[in-house]
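This report concerns only the one structure given below.
The values are calculated or read from the model by the stated rules, or taken from the named source; none is laboratory data. Because the structure is predicted, anything quoted here is derived from the model rather than measured. Backbone-built Cβ (ideal geometry, glycine too); neighbour counts: all protein chains shown. Accessible surface areas use protein heavy atoms only, side chains included; no ligands, DNA or RNA. Shrake-Rupley method; radii C 1.70, N 1.55, O 1.52, S 1.80 Å.
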Amino acid sequence: MQKFQLELLFHIIGIGSASGLLLNGTNLYIISDNSHVFYEYSLIDKKTTPIAIAPENYKGPVENILKEDKPDFEALTAMGDELYLFGSGSTEKRNAILHVDLQSKKVHPPIDATFLYLAMQDFGEINPENFNIEAAVNNGTTWYLFNRGNGPKGQNGVFTLDGDINETSFQFVYNEVELPTINGAASSFTDAVLVNGKLYFLAAAEKSGSTYKDGEVAGTLIGRMDTESMEIEFTEVISLKNKFEGITLYKKNDTTLEFLLCEDTDSDASESDIYKLTLEK
């Protein structure tokens, strides 16, 4: 059994449906899956700065977008000074990859990931109903994209991609992953972060068999995977009521790792809780 402590660290007003986060220095970057805005939250002065990422000439709402129209940004990771936001690919409207300069906050033209996602589906033998990218991790030129197995076939897996993200030109390796159940419900990947050559991941369980429809929450677990063998080294249930969808490293020392977690409550409320998870090494 992995020893851990989970506590509510702070509450942010103005951000809803938090689906991913990344800590860079003293700034916490948070994405919302139903928004054309992402957010920079300062841990120093507790201020939130929205950063618009709507497509050019977009005229619709930028927050609380209807489910059928939302871009569904579920994953974010950094490469140098660039922040990359990945659409889930679970519908044809969710195939964009955005990248933003963290210094200037310039939003570059979106990368169309349609053909990349189709190639991943073909290579991993995952049909569109079971394809749902929920986590992205970057390690130089290597990218780890996690497919959330919340579709009918429950296909959790990790794509290891080597190549140029801006050209969407990669060599693929795909590893299927078996995850445990929580309260009798199948769990599926929701986010991941790389720490000391290990992938620490979250997986949530919902009583639903759809990448599109939300279900009753059964809980969330954390696990660790080796990047060489892609074998799971441990899993531990950390909540039986929360659906955590974002994880980022907060602090580390000789004996513990501290992570920040965000929760997607699948509601229209413009507020988000950020939790701290302390995990013994």
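Listing for the model above:
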quantity	calculated
Residue that is without any contact (Cβ under 8 Å) to a residue 24 or more places away in the chain, closer than 25 Å to Ala203 by Cβ and either in a strand (DSSP E or B) or touching a strand residue (DSSP E or B) at 6+ places or on another chain (Cβ under 6 Å) (or both), where the choices are Val173, Val158, Val137	Val173
Filtered residue count, region 43-102, keeping only those that are on the phi > 0 side of the Ramachandran plot and open to solvent by 60 Å² or more (accessible area, probe 1.4 Å)	4
Qualifying residue in region 123-130 (condition: of a type in the set (A, V, I, L, M) and within 26 Å of Thr248 (Cβ to Cβ))	no
Every pair of residues 6+ apart whose Cβ atoms lie under 7 Å, when the first sits in region 239-256 and is under 17 Å from Lys3 (Cβ atoms) while the second is open to solvent by 50 Å² or more (accessible area, probe 1.4 Å)	Ser239/Leu6; Thr255/Glu280; Thr255/Lys281; Thr256/Glu280; Thr256/Lys281
